[in-house]
Amino acid sequence: MTPLLAARGLGKAYARAGWRRGAPRTVLSGIDLAIGEGECVALIGRSGSGKSTLARLLMGLEDPDGGAVLFRGAPLAGLDRGGAKIFRAAVQMVLQDPLSAVNPRHGVGRILAEPLRHLTDLTAAARQARISDVLDAVGLDPDAADRLPGQLSGGQVQRIGLARALATRPALVILDEAVSNLDAPRQVDLLDRLASLRRQDGTAFLLITHDIRLARRFADRVVVLSEGRIVDSSACRPGLALSHPAARELLDAVLPAAPGGL
Ligand SMILES: Nc1ncnc2c1ncn2[C@@H]1O[C@H](COP(=O)(O)OP(=O)(O)OP(=O)(O)O)[C@@H](O)[C@H]1O
Ligand SMILES: [Mg+2]
């Protein structure tokens, strides 16, 4: 079956700044990754391994230097306006600081309505109904729509970011450390809500995280990125089978349970 989103031999290099100008620095090379409809893949790797860069390429926010991103088999680079609009509604991303780019004077309702106005043909009334639905899906009261971003807690901001990404009923949501700012119970609560959304709507997820426990709890499959390459991968059930040193490092970083059950 054609994957929902795939990377084929993806590579990316950035020009060096300052006195080290010269050959660009390779950040990603030879990335092959396929995400199926409804599948949940966790992308793990230490800081600087290239996770966010890969996410930006998958979203079409930056162009690769080699290889291609395929949306349901079609290269992103070849999509026409209509195709690009369908892609943007179908593949959404949530960042760690999801409201950093929004106008702080716009209320939450307006922030949530924005992707619906740009990417769907919903009427104003249908947009309002959809906004109530997504607020409910992420565990927020409908009256959150009347607030300004500055009047929300960090955890509420992350939920709003998620609600915004879910508004267009995407086929895939990329979560780039999008639950990292929450305390553990709230992370679990949010991921459980996303898991039920997956069962209900068949939404696929790419969960980018340092936290292998979150990955194991939520994903079907874990892929390990190290220095811009995919070095290991494993199904999550029955148990992770990862052997590359970069994966072991992340596994070993998980603190053992405190003695005495603390
Ligand atoms: N626009 C850019 N220009 C130059 N270098 C960049 C750019 N974006 C990222 N890099 C470099 O690419 C490498 C990978 O960065 P990236 O943000 O993808 O890592 P990451 O795995 O998401 O890290 P983290 O877990 O800390 O978020 C880093 O060395 C970073 O400095
Ligand atoms: Mg990152």
Among the candidates ALA68, ALA7, residue that is away from ligand 2 (no atom under 16 Å from the Cβ), touching a residue at least 24 places away in the same chain (Cβ under 8 Å) and in contact with a Lys or Arg (Cβ under 6 Å, 6 or more places away or on another chain): ALA68
Can you name every residue in the range 32-62 that is over 20 Å from ALA171 (Cβ atoms), within 15 Å of ligand 2 (Cβ to nearest atom) and not small (Gly, Ala, Ser)? ILE44, ARG46, LYS51, THR53, GLU62
Tally up the residues in the range 128-169 that are among the charged types (D, E, K, R) and surrounded by 19 or more Cβ atoms within 10 Å (Cβ to Cβ), please. 3
Which pairs have Cβ atoms under 6 Å, sit 6 or more apart or on different chains, and link a residue in the range 42-55 that is over 20 Å from ARG213 (Cα atoms) and within 8 Å of ligand 1 (Cβ to nearest atom) to one that is at pLDDT 95 or above and among the basic types (Lys, Arg)? THR53/LYS12
I'd like to check which helices (runs of 4 or more DSSP H) are fully inside the range 34-134 and have at least 2 residues that are closer than 15 Å to ILE160 by Cα. 108-119
Give the residue, chosen from GLN128, GLN92, that is closer than 26 Å to SER196 by Cα and in contact with a strand residue (DSSP E or B) (Cβ under 9 Å, 6 or more places away or on another chain). GLN92
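Looking at ARG105, ARG88, which is the one that is modelled with pLDDT of 95 or more and of a type in the set (D, E, K, R)?
ARG88
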Please indicate, with yes or no, whether at least one residue in the range 202-213 is at pLDDT 90 or above, within 26 Å of LEU122 (Cα to Cα) and over 15 Å from the mean Cα position of the chain (by Cα). yes
Boolean, ARG213 is outside any strand (DSSP E or B) and under 27 Å from LYS12 (Cβ atoms): no
Of the residues in the range 13-27 that are assigned to a strand (DSSP E or B) and more than 8 Å from ligand 1 (Cβ to nearest atom), the one that is farthest from ALA171 (Cα to Cα) is THR26
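The values are calculated or read from the model by the stated rules, or taken from the named source; none is laboratory data. Nothing here was measured: the structure is a model prediction, and the numbers come from that model. We place every Cβ from the backbone using ideal geometry, glycine too, and count neighbours over all the protein chains shown.
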